[in-house]
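The values are calculated or read from the model by the stated rules, or taken from the named source; none is laboratory data. Values in this document were obtained by computation on a predicted structure and should not be read as measured data. Quick reminder, even Gly has a Cβ in these numbers, built from the backbone with ideal geometry, and neighbours come from all protein chains shown. Surface areas here come from the heavy atoms of the whole protein model, side chains and all, with no ligands, DNA or RNA. Shrake-Rupley method; radii C 1.70, N 1.55, O 1.52, S 1.80 Å.
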Amino acid sequence: MKQKLIEIARSTGLVDADVLAGFLQSHNGDRAIDKAMLDSTKFAEDDVLRLFSELLEMPYVEQIKADQVPTEFIAAVPATYAQRHGLLATAFDDGVATVATSRPLDLYPMDNVGKMMNCAVRPALATRAAITSAINAAYEQRVTVLEEVAGEVDSQNIEGLIDEVSSSEDLLDVVNRPPVIRLVNDILFRALQLRASDVHIHPYEQKILIRYRIDGLMYDMLTLDIRILPVVVSRIKVMAGMDIAERRMPQDGRCSVKIGSREVDLRVSTVPTAHGERSVLRILDKSTGVYTLDGLGLASEDLARVDTMLHRNHGVFLVTGPTGSGKSTTLYGFLKRINAAEKNVMTIEDPIEYQLEGISQIEVARRKGMTFVTALRHVLRQDPDVIMVGEVRDEETARMVIQSSLTGHLVFSTLHTNDAASAITRIVDLGIEPYLVASSVIAVLAQRLVRKLCPSCKECVPGDSLEIKEMGLGIGAFEKIYQPRGCDKCFNTGYMHRTGIYELMTIDDDIRQCIYHQETAGAIKKVAMQSGMTTLRMDGLRKAEAGVTSLEEVMRVAATD
């Protein structure tokens, strides 16, 4: 077999034949060859499977759609078995089931599938990721699981959940787990597959509605029986280290879960409502990492100006926008751009969302007296060069931020305002003297998040489209424009992932004069535009013309700009 694999590698070029020969020569036989190759970092999983596809004359399946999975397989083979062994049927014809697996030489699970389905089995090969994704979609909303959970709603089982908790739950570990644990794991697993940022468990009078926030918009995904609400909420509370006996007061918690090698942080919030406790889970996927400044969507000229500001020795750089507009992500991008080896960088956050290497991060804990102001007062004694303060919420915090910059520190922080100019007037409204604001603030970046058009299905339409006229932009404003269409890759939304649109206002002498004279936000914005500032809508329209996003998205998030 080893020699045949090397020959196939030479003829197909799927993997480096010499590397494969050396690997196989060192293979001592303690593990099967396929598992050893799949576990090795020298070979890509799909290349190994294609190699064995040639060797064993098995078809290789690149993608498995949920609607391809035969109902006979779903009815006969438990989801736990399919997930544990990583196999799934892709077809069922004339009494023969084609079953895809990611383990070419592991035939015993295949035999068991044949016995369960009472039919012959034809093996095929597919990556573990493709199989796992299809399993979850194919088995979604299984009535049998929900019925099991509904039958378990009693206090004894709720208390018994405590014994099932581990420090870091693996969502793929569903074998022999109680139904409620499998159900919650399925909900979280599906959310991660769909790139959801939040999971909402919303109780109504007769049902529970599971909703996901994907790319900033809410989608209804699943409806459950209201009877299982206590056990589902209790399971979530146990995972997050919260008090399952307290149901009349709001609670907050956090935990980590795993999907194989991926680790995901969850921030959990529960509040009592008229129909039971409502839960919201914020998902922070550590595997996605922190965005670099280049990947945020800043225009090249704005990026160059931001870079200049990041090399200043002192001053306040504010990032503004509503909740969920990506302000924290932008601040992390700033910090990642700064050389932490040459500067002492410290952050004060509520809460810490991502760990940054080489940077000291402090989490606010109001119950223990650790507020932004208290933390900042102590951070200033740590000889910092750069400080990030999560948010300016009151006069005391604003004054400390201003004073910190005036004593020779570069300070980043956020505000909740609609545009860049409003940030200046907001700071003044908090009680800070205009001359202090003018002498300390060096730049304000306002931002919004827009959904990016799916690259697989976006379509180009001429610039004289009637839809453009309906938006009040005028026919002829664009030579061409792009619109969402929808396909399987983007779940028929026409959009995939998000990017930012920005309004960068650097504080020059003209704007300082406006601040001294306490001009309105509108007057400050007019002066900034005369100096060349690009507004949120202008930046959005440029991205729409470039095919990054759609006009509808730009108008949705920057309609009042």
_Tell me which of Pro250, Ala341, Val316 sits at the most positive position along the dipole axis of the chain, charges placed on C-beta atoms (Lys, Arg +1; Asp, Glu -1)._
Val316
*Would you pull out the residues with amide H under 5 Å of Thr417's amide H, same chain only if 5 or more places away, H placed 1.01 Å from N?*
Gly321
*Which trypsin sites (Lys or Arg not before Pro) in the stretch 367-408 pass both tests, a DSSP loop state and at most 14 other beta-carbon atoms within 10 Å?*
none
*Working from Cα positions, state the angle (0 to 90°, nearest 10) between the long axis of helix 2-12 and the longest principal axis of the chain.*
50 degrees
*Angle in degrees between helix 179-193 and the longest Cα principal axis of the chain, rounded to the nearest 10*: 60 degrees
*the stretch 291-387: relative contact order in percent, alpha carbon pairs under 8 Å with at least 6 residues between*: 25 percent
*Normalised by the number of residues in the stretch 211-295, what is the relative contact order in percent for Cα pairs under 8 Å and 6+ residues apart?*
19 percent
*Whole-number percent relative contact order across the chain, with pairs defined as alpha carbons under 8 Å at least 6 apart*: 8 percent
*For the chain, Cys with no neighbouring Cys Cβ under 4.7 Å*: Cys119, Cys255, Cys460, Cys514
*In deg cm²/dmol and to the nearest 500, what is the mean residue ellipticity at 222 nm of the chain if only DSSP H runs of at least 4 residues count, each as -39500 (n - 2.57), divided by the residue total?*
-11000 deg cm²/dmol
*May I ask for the net charge around Asp46, where only other residues with Cβ less than 12 Å from the Cβ of Asp46 are counted and Lys, Arg are +1 while Asp, Glu are -1?*
-1
*Would you list Glu54, Glu246 from the most to the least accessible area, probe 1.4 Å?*
Glu54, Glu246
_What does the extension gain come out to for Ala75 and Asp285, with contour length at 0.36 nm per residue minus their alpha carbon separation?_
72.3 nm
*asked:* Just to confirm, what accessible area per residue do you get for the stretch 197-269 at 1.4 Å probe, in whole Å²?
replied: 45 Å²
*Label points 7 Å out from Cα along the Cβ direction at Ala137 and Leu217: separation in nm?*
1.9 nm
*Just going by the charge dipole of the chain, with Lys and Arg at +1 and Asp and Glu at -1 on Cβ, which of Gln513, Tyr332, Tyr291 is farthest out on the positive end?*
Gln513
*asked:* If you take every DSSP beta bridge fully contained in the chain, what fraction is antiparallel? Give it as a percent rounded to 5.
replied: 65 percent
*Averaged per residue, what accessible surface does the stretch 1-56 expose to a 1.4 Å probe, in Å²?*
55 Å²
*All lysines inside 18 Å of Lys237 as judged from Cα atoms, apart from same-chain residues fewer than 8 positions distant*: Lys258
*Quick one: angle between helix 45-56 and the longest Cα principal axis of the chain, in degrees between 0 and 90, rounded to 10, please.*
20 degrees
*Considering only protein heavy atoms, what is the solvent-accessible area of Glu459 at a probe of 1.4 Å, reported in Å² to the nearest 10?*
70 Å²
*Please figure out what share of the DSSP beta bridges in the stretch 260-382 is antiparallel and state it in percent, rounded to the nearest 5.*
75 percent
*Looking at the square roots a ≥ b ≥ c of the eigenvalues of the Cα gyration tensor of the chain, which shape do they give, rounded for a/c under 1.5, prolate if a/b is larger than b/c, or oblate?*
prolate
*Keeping the other protein chains in place, figure out the carbon and sulfur percent of the accessible area of the stretch 279-388, with a 1.4 Å probe.*
47 percent
_Derived scalar couplings ³J(HN,Hα) [the stretch 508-516; Karplus, 6.51 cos²θ - 1.76 cosθ + 1.60; whole Hz; x for Gly, Pro]_ = 9, 5, 5, 5, 4, 5, 4, 5, 4
*Assign one of three labels to the stretch 54-120, namely rounded, prolate or oblate, based on the Cα gyration tensor with a ≥ b ≥ c the square roots of its eigenvalues; rounded applies when a/c is under 1.5, prolate when it is not and a/b is larger than b/c, and oblate otherwise.*
rounded
_Quick one: 3J(HN,Hα) in Hz for the stretch 532-543, Karplus 6.51/-1.76/1.60 with θ = phi - 60°, rounded, Gly and Pro as x._
x, 5, 8, 7, 4, 5, 4, 5, x, 5, 5, 5
_Not counting ligands, DNA or RNA, and with a 1.4 Å probe, what is Glu205's accessible surface area in Å² rounded to the nearest 10?_
130 Å²
*With all protein chains modelled, accessible area of Ser256 [1.4 Å, Å²]*: 30 Å²
